[in-house]
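Asker: Below you'll find the structure I mean.
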Amino acid sequence: MFQKILIANRGEIALRVLRACKELGIQTVVVHSTADADAMHVRLADESVCIGPPPSRDSYLNIHQIVAACEITGADAVHPGYGFLSENAKFADILAAHNITFIGPSGDHIRVMGDKIEAKRTAKRLGIPVVPGSDGAINDDREAKRVAAEIGYPVIIKASAGGGGRGMKVARTEADLEVALQTAKSEAGAAFGDDAVYIEKYLEKPRHIEVQVFGDGAGRGVHFGERDCSLQRRHQKVWEEANSPALNAEERARIGGICASAIADLGYSGAGTIEFLYENGEFYFIEMNTRLQVEHPVTEAITGIDLVHEQIRVASGGGLSVRQEDIKFTGHAIECRINAEDPRTFTPSPGTITHFHTPGGLGIRVDSGVYSGYKIPPYYDSLIGKLIVHGRNRVECMMRLRRALDEFVVDGIKTTLPLFRDLVGNPDIANGDYDIHWLEKYLAEEDHA
Ligand code: MV4
């Protein structure tokens, strides 16, 4: 087991990882920017190293400073959290070259999944169902037209270096195709320095369902069920739940089994998330994330398993603590992302939190790095906390969520709490009846506060 882990992140996820380290008796080092000197994770860590000024590229993304902090403090492993360097293959490779363990998959696995064409090709080879589309990159109009005619319109053109919704163009008819292809290619080239694009059948009203997987790096793979993350705005998840209201136990076991054996065949190590669009009872792979996700606590709630413990165990060579048959799904969990944003326009609202009071009681978990008197710096993303509620079933979970939202107090800044208080009373949400477009449509309607 590791002696000392360096946490290369900030905010609630730095604290989340710190808690797991403390439970495992592992010493902790955090790195931080000058803007985060007063952050909770800095206060609670055994050691901290200031690695630079506020902009992320000069601090949380500065690989050399982070490696230096490892050398100075004698950390034997790095947990990257999510975002920042968590899916940076070069970072994983550089740490390996310094004999420091990256708590995550190999640089090569990160690289494969970071290239969306390569990821899709790999998924297909491993027996995962994918969205019908081009076999690889599309190079000219003629090829685009041939593939589109074959799969049928509408189609979507995606950047291979994109992901998370960046660089996508929909073509509803052949007349739209040339422009969509050219725009997608030039935007991808400008944004990512890689203009490779591919074509897929455009699914009109899918849900976003993702499967949590783990590999032990030695040929074993397991799944921890799925999360439904369909409630999003501009590709930012807002509300996530496990299980998905749309799946039954058979569908869960089937897609989970496919994902687990793919991960085993890949020789994958650590936590991963296989993302699907789900429509008319069918799953279609879109992407794989090679990190711990923001919404992992809903999976922890229904399985009772600490996923960060598992990441640390696997990275240190101790293997997973569970076999597939040990993983049981109990009840229902929902996560609300509390952002320091205007609840209608989602414009960031940094500033000082004058009063912060979190709900409690059975089935309530709050992961947050803020406190009363904390000044939210304007440089980073606006997530200030996550409310995770667990109940024996979805109805109980929703009742408990409504109560927890009533107790939650964040004064001094705007937050997304009022949005959740609206959503929890909405009949479609109560019925679990929503797709990836539901929230944007809801927000575009004006007949609610
Ligand atoms: C799609 C799609 C429809 N058809 N692919 C957006 C994020 C990126 N991960 C994939 N995305 C989509 N890919 C096909 N073939 C619709 C979306 C999409 C979406 C997906 C998940 C959650 C929210 C979304 C919002 C708009 C579009």
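The values are calculated or read from the model by the stated rules, or taken from the named source; none is laboratory data. All of these numbers come straight from a predicted model, not from anything done at the bench. Note that each Cβ is placed from the backbone with ideal geometry, even for glycine, and that neighbours are counted across all protein chains shown. Heads up: the accessible areas ignore ligands, DNA and RNA and are worked out on the full protein's heavy atoms, side chains in. Shrake-Rupley method; radii C 1.70, N 1.55, O 1.52, S 1.80 Å.
Asker: Would you be able to tell me the number of residues in the range 101-118 that are open to solvent by less than 10 Å² (accessible area, probe 1.4 Å) and over 18 Å from Gly221 (Cα atoms)?
Answerer: Selection size over the range 101-118: 1.
Asker: Just to verify a result, which residue in the range 311-343, among those that are part of a helix (DSSP H, G or I) and in contact with a strand residue (DSSP E or B) (Cβ under 6 Å, 6 or more places away or on another chain), is surrounded by the most Cβ atoms within 10 Å (Cβ to Cβ)?
Answerer: First pass over the range 311-343, keeping only residues part of a helix (DSSP H, G or I): 311-315, 324-326.
Of the ones still in play, those that are also in contact with a strand residue (DSSP E or B) (Cβ under 6 Å, 6 or more places away or on another chain) are 311, 314-315, 324.
Details: Gln311: 22, Val314: 25, Ala315: 23, Gln324: 15.
Checking each candidate, the answer is Val314.
Asker: Between Glu287, Glu335, Glu300, Glu295, which is modelled with pLDDT of 95 or more and more than 26 Å from His109 (Cα to Cα)?
Answerer: Details: Glu287 fails: more than 26 Å from His109 (Cα to Cα); Glu300 fails: more than 26 Å from His109 (Cα to Cα); Glu295 fails: more than 26 Å from His109 (Cα to Cα).
Of Glu287, Glu335, Glu300, Glu295, the one residue that is modelled with pLDDT of 95 or more and more than 26 Å from His109 (Cα to Cα) is Glu335.
Asker: May I ask you to verify whether Thr347 is among the polar types (S, T, N, Q), open to solvent by 50 Å² or more (accessible area, probe 1.4 Å), over 29 Å from Gly221 (Cα atoms) and touching a residue at least 12 places away in the same chain (Cβ under 8 Å)? Give the derivation first.
Answerer: Working: among the polar types (S, T, N, Q): yes; open to solvent by 50 Å² or more (accessible area, probe 1.4 Å): yes; over 29 Å from Gly221 (Cα atoms): yes; touching a residue at least 12 places away in the same chain (Cβ under 8 Å): no.
In short, no.
Asker: Under the condition of being hydrophobic (A, V, I, L, M, F, W, C) and assigned to a loop (DSSP other than H, G, I, E, B), which residue from the range 280-306 is farthest from the ligand (Cβ to nearest atom)?
Answerer: Going residue by residue through the range 280-306, those that are hydrophobic (A, V, I, L, M, F, W, C) are 283, 285-286, 288, 292, 294, 298, 301-302, 305.
Restricting the remaining residues to those that are assigned to a loop (DSSP other than H, G, I, E, B) gives 292, 294, 305.
On the way: Leu292: 18, Val294: 14, Ile305: 26 Å.
Ranking the qualifying residues of the range 280-306, first place goes to Ile305.
Asker: Taking the range 96-121, which residues are touching a strand residue (DSSP E or B) at 6+ places or on another chain (Cβ under 7 Å) and under 21 Å from Leu307 (Cβ atoms)? Outline the logic, then answer.
Answerer: Filtering the range 96-121 down to residues touching a strand residue (DSSP E or B) at 6+ places or on another chain (Cβ under 7 Å) leaves 96, 100-106, 113, 115-117, 119-120.
Matches in the range 96-121: Thr101, Phe102, Ile103, Gly104, Pro105, Ser106, Met113.
Asker: If I filter the range 43-64 down to residues being aliphatic (A, V, I, L, M) and surrounded by fewer than 19 Cβ atoms within 10 Å (Cβ to Cβ), which single residue comes out as nearest to His309 (Cα to Cα)? Even if it seems obvious, please write down each step before you answer.
Answerer: Of the residues in the range 43-64, the ones aliphatic (A, V, I, L, M) are 44-45, 49, 51, 61, 63.
Filter again for surrounded by fewer than 19 Cβ atoms within 10 Å (Cβ to Cβ), leaving 44, 61, 63.
On the way: Leu44: 18, Leu61: 24, Ile63: 25 Å.
So, considering only residues that are aliphatic (A, V, I, L, M) and surrounded by fewer than 19 Cβ atoms within 10 Å (Cβ to Cβ), the one nearest to His309 (Cα to Cα) is Leu44.
Asker: Shifting gears a bit: Exactly one condition in (1) away from the ligand (no atom under 16 Å from the Cβ); (2) open to solvent by 20 Å² or more (accessible area, probe 1.4 Å) is false for Phe91; which is it?
Answerer: Condition not satisfied by Phe91: (2).
Asker: Within the range 350-449, considering only helices (runs of 4 or more DSSP H) that don't extend past its boundaries, which have at least 3 residues that are open to solvent by less than 80 Å² (accessible area, probe 1.4 Å) and in contact (Cβ under 8 Å) with a residue 40 or more places away in the chain? Walk me through how you get there before you give the answer.
Answerer: Values: elements: 394-407, 417-423, 427-431, 438-444.
The helices (runs of 4 or more DSSP H) meeting that bar are 394-407, 417-423, 438-444.
Asker: Still on this model: Scan the range 257-267 and tell me whether some residue there is modelled with pLDDT of 95 or more, within 16 Å of the ligand (Cβ to nearest atom), on the phi < 0 side of the Ramachandran plot and crowded, with 18+ Cβ neighbours inside 10 Å. Reasoning before the result, please.
Answerer: Taking the range 257-267 as the starting set, the residues that turn out to be modelled with pLDDT of 95 or more are 257-267.
Still in the running and within 16 Å of the ligand (Cβ to nearest atom): none.
There is no residue in the range 257-267 that is modelled with pLDDT of 95 or more, within 16 Å of the ligand (Cβ to nearest atom), on the phi < 0 side of the Ramachandran plot and crowded, with 18+ Cβ neighbours inside 10 Å.
Asker: Which ones in the range 365-381 are in contact with a Ser or Thr (Cβ under 8 Å, 6 or more places away or on another chain) and under 19 Å from Leu419 (Cα atoms)? Give the steps one after another, and end with the answer.
Answerer: Going residue by residue through the range 365-381, those that are in contact with a Ser or Thr (Cβ under 8 Å, 6 or more places away or on another chain) are 366, 368, 372-376, 379-380.
Hits for the range 365-381 are Val366, Ser368.
Asker: Sticking with this structure for a sec: Return yes when Val222 is more than 21 Å from Asp135 (Cα to Cα) and of a type in the set (A, V, I, L, M) and no when it is not. If you could, list the steps in order and put the result at the bottom.
Answerer: Numbers: more than 21 Å from Asp135 (Cα to Cα): yes; of a type in the set (A, V, I, L, M): yes.
It is true that Val222 is more than 21 Å from Asp135 (Cα to Cα) and of a type in the set (A, V, I, L, M).
Asker: Is at least one residue of the range 75-82 surrounded by fewer than 19 Cβ atoms within 10 Å (Cβ to Cβ) and either free of Cβ contacts under 8 Å to residues at least 40 places away in the same chain or in contact with a Phe, Trp or Tyr (Cβ under 7 Å, 6 or more places away or on another chain) (or both)?
Answerer: Looking through the range 75-82, at least one residue is surrounded by fewer than 19 Cβ atoms within 10 Å (Cβ to Cβ) and either free of Cβ contacts under 8 Å to residues at least 40 places away in the same chain or in contact with a Phe, Trp or Tyr (Cβ under 7 Å, 6 or more places away or on another chain) (or both).
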